[in-house]
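Novice: One structure coming up, written as structure tokens, with questions to follow.
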Amino acid sequence: MSEVVRPAPGWLTAIRVYRDPRLLFIFLLGCSSGYPWVLISSAMTGWLKDADLSRAAISYFGSVTAVYAINFLWAPLLDRVRVPYLYQRLGQRRSWILLLQLWIVLFTVGIALTNPAASLLWTSLLALAIAAAAASMDVAIDGYRIDIIGQDPLKLPTAAAMGVAGWWTGYSLPGYLAFHYADRFGWSVVYLGLALLLAMLALGTLWVREPESNRDLLQQKAAERYQNSQTHPALLWLQVTVIEPFAEFIRRNGLKVSVCLIVFILTFKLGESFLGRMSIQFYREVGFSNKQIAEYSKLIGWGATVFFTLLGSLLNTRFGVFKGLVIGGIAMAASNLMFAWLAKVGPDEQILFWTIILDNFTTAFSIVAFVSFLSAFTGVAFSASQYALLASVGNFGRTSMAAFGGSLVDWLDGDWSMFFLLTSLMVIPALGLLWYIMYLLRQRGQQI
């Protein structure tokens, strides 16, 4: 992260940033990043619910997404290893993205040919394969976003917003189609359709521009740090690939800031993860149909999220990422209380509408600041590896703890209102830690 004081641009400057054509590339790849969560999360939850699986079984099935929490282990490979044939034609980032997109298409067709009620293990293994490929693809996409935008403080929130808007577009619109047609055609046919849509989306990877960077030169300089007359070439490659991305991160940010940052990431979105994992189950138990979920949670939710994401980027660009994180964290906790109210009144579509609007506003606002915040701590030489490390910490908190969401609701005897009240309180420790991190940065003359 550069040691400069962030300027306070005017509104017109913040809006003009959106004229950058690179933002369209980030949006399109963001769609691919969000798409797999339809396959292994929301649509799969609906399929498992229709198959009469228990709350605990459904939430534990979602643990396949825990692979997102460990993708930093192989993330350095996506910074260093070149995909044969594709690298020469597409470049480092796009070659990995396209390859992993095609793998996800293949595994999705496999799920479409299974029946979770009769072969839950086989379905789980295929879902795990999708999660592993998608988690790896996220590494390449995040590296692409950071490489093509750089560390410009004016464009970090905007790039984050376009990535988030793309993510929610790739998650919500296919999710809308899945739930809208599930009752008419069945989940197997829906999954075949989702595989076809993803194959079409993969064509966009051939159109986006590969980012230009001096990554190879910086990696060569990093190799010189470890090289001596007795170093075996294979050992040198491993040292630069596996050790240097994380060692350079700590050297540049300092040990105290690095540790505090990791703990903050681990806890910031914990409450939201509990809500996200159990939301489809909650909607169904309250009494909403698949069609209502499609219209409100997916279609309306998508529109609200994209709008508020772009608005959030303007606010974060204008006032700074730190204030955006504080406001977003408080609002994110407050929005969970709307779900508690909905649990009390039952399947009221008007309350559902405003719950979706408020939830998507707070989610969009906070995640733009969150992604910008993480991106500001990455370096150029190992951008994919370092961002993957930070994102994996957050994913670990969300996937490991959220797996117990169904058990928590059962322990509360199905009291959804109390469940959402508890999730709203989970952000408080993270906000206190955020203030301390910013205090440490300002002591060093840094500001974001």
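The values are calculated or read from the model by the stated rules, or taken from the named source; none is laboratory data. Quick caveat: nothing in here was measured; it's all calculated off a predicted structure. Glycine gets a Cβ as well: all are built from the backbone with ideal geometry, and neighbour counts include every protein chain shown. Ligands, DNA and RNA are stripped out before the accessible areas are found, and what is left, the full protein with its side chains, is counted by its heavy atoms. Shrake-Rupley method; radii C 1.70, N 1.55, O 1.52, S 1.80 Å.
Novice: Rg and Dmax of segment 82-130, using alpha carbons, in Å: what are they?
Specialist: 14.4, 44
Novice: Please arrange Lys344, Lys291, Lys269, Lys49 by accessible surface area, largest first, computed with a 1.4 Å probe and ligands excluded.
Specialist: Values: Lys344 150, Lys291 110, Lys269 15, Lys49 55 Å².
Reading off the accessible areas and sorting them downward yields Lys344, Lys291, Lys49, Lys269.
Novice: Still on this structure, please answer the following. What FRET efficiency would be calculated for the residue pair Asp183, Glu285, taking the C-beta separation as r and a Förster radius of 25 Å, to the nearest 0.05?
Specialist: After rounding, the FRET efficiency stands at 0.90.
Novice: So what does Met418 come to for accessible area, using a 1.4 Å probe and Å² rounded to 10?
Specialist: Looks like 80 Å² after rounding.
Novice: Also, quick follow-up: Calculate one ³J(HN,Hα) per residue across segment 135-142 by plugging θ = phi - 60° into the Karplus curve 6.51 cos²θ - 1.76 cosθ + 1.60, and present them in order as whole Hz with x for glycine and proline.
Specialist: Karplus values, whole Hz, x for Gly and Pro: 5, 5, 4, 4, 4, 5, 5, 5.
Novice: Right, another one. Could you state how much accessible area Trp207 has, in square angstrom rounded to the nearest 10, with a 1.4 Å probe and all protein chains kept in place?
Specialist: 150
Novice: Could you run the Karplus curve 6.51 cos²θ - 1.76 cosθ + 1.60 with θ = phi - 60° over segment 354-359 and give me ³J(HN,Hα) per residue in whole Hz, x for Gly and Pro?
Specialist: Working through the residues one at a time gives 6, 5, 5, 4, 5, 5 Hz.
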